[in-house]
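J.: This is the structure, below, for whatever I ask next.
The values are calculated or read from the model by the stated rules, or taken from the named source; none is laboratory data. In this text, all values refer to a predicted model and were calculated from it rather than measured experimentally. Please note: Cβ atoms are built from the backbone with ideal geometry, for glycine as well, and neighbour counts cover all protein chains shown. Remember, those area values only see protein heavy atoms, side chains included, never the ligands or the DNA or RNA. Shrake-Rupley method; radii C 1.70, N 1.55, O 1.52, S 1.80 Å.
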Amino acid sequence: MSIASANTSMRVPAGFRNLLEGLAREGLREQPPDVVAFAAQHFQKLLEQREAGGTDPVAWGAMLED
């Protein structure tokens, strides 16, 4: 039995690694009892910052990766 996706190469989207590293860093710092709720709140804050005209963490992370 073959798996169709085994032959395809997948790339991590630009800025994604930076987002996950930020989440991991904050999670280790805070040590939240509910990691899923913490992650949701973390990404909600980033979304609110982006919508308020602040920096876009995905664009910033993509610049750092280049």
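J.: Being surrounded by 11 or more Cβ atoms within 10 Å (Cβ to Cβ), among the acidic types (Asp, Glu) and modelled with pLDDT under 80: is that true of ASP66 here?
T.: no
J.: Scan segment 7-30 and give yes if some residue there is open to solvent by 60 Å² or more (accessible area, probe 1.4 Å) and among the small types (Gly, Ala, Ser), otherwise no.
T.: Looking for residues that are open to solvent by 60 Å² or more (accessible area, probe 1.4 Å) and among the small types (Gly, Ala, Ser), one finds at least one in segment 7-30, hence yes.
J.: Report every pair of residues separated by at least 6 positions or lying on different chains whose Cβ atoms are under 7 Å apart, first residue within segment 38-66 and free of Cβ contacts under 8 Å to residues at least 40 places away in the same chain, second open to solvent by less than 90 Å² (accessible area, probe 1.4 Å).
T.: Hits for this filter: PHE38/GLY27; PHE38/PRO32; ALA39/LEU23; HIS42/LEU23; HIS42/GLU26; LEU46/PRO57; ARG50/ASP56.
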